[in-house]
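Notes follow the structure.
Readers should treat all values here as calculations from the given coordinates under stated rules, not as data from a laboratory. All values reported here derive from a predicted model rather than from experimental measurement. Cβ placement follows ideal geometry from the backbone for every residue including glycine, while neighbour counts extend to all protein chains displayed.
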Amino acid sequence: MSAVMNPEARVRLLESFAEYTPRSWAFLQPDGVVLHCSVAFALGFGLGREQLLGRDINGVAGSLLVPSLADALRQAASGRRANQAAQLRGNDGGTADWTFSLLPQLEHDGSITGIHLVGIEQARERESRDAMSALEQLAARLAGVASPITFAGDGQERYRELMALACDWFWEQDAEGLLTRLEGTEANSGNGGSGLTGRFRQTFLNHTWQEIDSDTHSKTDWAWYQACLDRRQPFKHLLIKQHLPDRSERWIDVSGMPRYDEAGLFRGYQGIAQDVSSRVQAEQQVAQMAFLDPLTRLPNRTLVLDRLRQAISLSRRSKKSIAVFFIDLDNFKAVNDGLGHQAGDDVLKAFVTRVRSALREADTLGRMGGDEFLTILPDLPESRPAIRVAEAILIKAREAVLVDGTPMVVGASIGVAIFPEDGNTAEKLIQSADIAMYEAKRNGRNRVCFFHETMQRMASKRLSITSDLRLALSRSEFFVCYQPIVDLATGALFGAETLVRWRRNDAVTVSPDDFIPSAEELGIIDGIGMWIIEQACLQLRIWEGLGLKLKRLSINVSPRQLRQKNFADEVGRIIAQVGVNPRILELEITEGVLMDSSETTVANLNRIRRLGVRLCIDDFGTGFSNLSYVIRHSFDTLKIDRYFVSRIPGDRASYAIVRSVCALAKELGIEVIAEGVEKAEQRDVLAALECRVGQGFYWNAPLLASEFAAKYPVPALAGPVRQPQA
């Protein structure tokens, strides 16, 4: 038996353990005073680690733990292992079931110098099994030593066994950086998490962490790690990616500290490792939501813009050109309207596959939204290669796509802009390519058009739409509809979403997708938007007078409206003038607004909150999905985009995203609305995920005020008739 670990070494090991373990662990005096603890343990009681050290655990826990740990502590202080189930109350008033394991620290003379306390939330079943398994292994390995478990003798070895409660693996490296020891539990080994298989160890032992990693880190990252080793410094959270034989990936979070022998000579490193594959995969999924289009898996507008800026920066140094293609499918609306959105999705994915085959590996294809795509061709010596690629894309776009056995030909119009001739910024290049694309459409579609300065397509388009929209205002062609929002569990009416429609004097109804963007671009959305808010408030007042009590009435707001200095003041004026309860109103904004940190937008959001009006993020998950902005602006509601709702429960990825959004919103105290519910099966799945309300064609399409009244038991309503001023 080796010498008992000296007190200084023991303190260093305990401090290191407290610093690195991600789980809930504490080391107490026999009387319950906290000597060492992990950050996770302190946070469980709503404290920082320094605030907990030196305090009596019973005094700290107080009413937070029911029952208290007093009896279990007395049992452990007498030399017996103890387990205590308790409910831990959080700051939000909720409770969670925990199991606390207490292990006495017995020395070779039989004295008790402390108590190890490990807390595991019962809902985390795998960790609970791993912890109990580690305790059983420890007892079995101490041959001839009866319970209570002793940590005397080979003290450091016994402490390492305790680490199995707080990490997946304990490891050691020699002075050359080769792994010489690996102990713990293998969660994915198929052996119940009871230990490490020989095959598993072989993938690690006699290798360095650099050799195990699968090209996760750059040379700069490894230089940082090597610098820590050269200086004999501890390192934390080195993320290693390991490719497994079944082609899956394992992500490992590694932390370590140098180890020395009794003579003070450096002998290598030791530390802990955690399998964080689930966490990394969740983070990757969030990143994909932020930067990839969910349907095509192409870069979205944000990522495309970033790549174009990078390409411009490189081209300024290389003096080479960049070609930007703005691509719009010609007959896509007919496919969507005639065959449905699923057919439209199939056409988009087929188009993407074909376009990719015409591009180089260095080129970028991204989806700007709807049926619009942007292609970036960097590093061109001159413009002629761009012509060949654009023509190849046209040929592929003309090929028929089979949709439910029906051949569909959509074709494409392509506008081309060249850097630096047609713009020296990413925004200007995209604008120029967009103008050229509309020129291609004007000239008969299904063709390529290069931008040139004499183009007046955008100016004439703006003039035409301005005239049409202003005629619509003066002719009272706008009207408002309301789509019911219902309680998923009961089907009872919860609220409604206000939606604007435009019926031209020729009886053709124009989709909001067609006229709202033009109204925003031309600056006339402000008048239309305020008219919609006024109509919604007037209708709400009428319904309330007739006994129809809505809990929520939502209204879509344009990003441009939020950039108007007097927007919030005008909303307040309408609320006061009509006399409605502002807490029933909810303004819906798109995720793109979250990235607008302009003073005016932020000020408007803050003033709207002060009015008592609720804020909702529309189509959550399709744009930026930056949670820090959600929290910063205190949003009340997240509306899950219909893309994800329409694919549950069959599509596992969509189901996982919807489940994650519901769980996240619940934790943040944010309401969730599911839009686009079309089937009872979707309603039931959403209800099971604790999404309380939803809307969609399963209940009703948007209704006129009179139709809304007919749907629900309220006397016939006469909706407001005032029209916005031109």
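Side notes on the structure shown:
- Convex hull volume per residue, computed on the Cα atoms of segment 463-711, equals 133 Å³.
- Distant-in-sequence amide H partners of THR296 (H built 1.01 Å from N, under 5 Å): none
- Shape summary of segment 21-78, radius of gyration then Dmax from alpha carbon positions: 10.8, 30 Å.
- Each listed q (0.18 Å⁻¹) maps to a log10 I(q)/I(0) for segment 291-455, found by the Debye formula over equal Cα scatterers with no solvent: -1.08.
- Peptide ranges 531-544, 657-670 listed from the most packed, as the mean C-beta count within 10 angstrom indicates: 531-544, 657-670
- Evaluating 6.51 cos²θ - 1.76 cosθ + 1.60 at θ = phi - 60° for every residue in segment 418-428, the Karplus couplings come out as 10, 8, x, 4, 9, x, 10, 10, 4, 5, 5 Hz, glycine and proline recorded as x.
- Per DSSP, loop trypsin sites (Lys or Arg not before Pro) in segment 293-388 with at most 16 further Cβ within 10 Å: ARG297, LYS319, LYS320, ARG360
- Greater than 31 Å apart at Cα, pairs in LYS428/LYS565; LYS349/LYS711; LYS333/LYS666: LYS349/LYS711; LYS333/LYS666
- Net length gained if the chain between ARG388 and LYS679 were fully extended (0.36 nm per residue, minus Cα distance): 100.1 nm
- Normalised Debye scattering of segment 231-321 at q = 0.14, 0.15 Å⁻¹ gives log10 I(q)/I(0) of -0.80, -0.84, counting only Cα atoms as equal scatterers and leaving out solvent.
- Across segment 465-528, Cα-Cα pairs more than 16 Å apart make up 52 percent of the total.
- Neighbourhood net charge (11 Å Cβ-Cβ; Lys/Arg +1, Asp/Glu -1) for PRO582: +3
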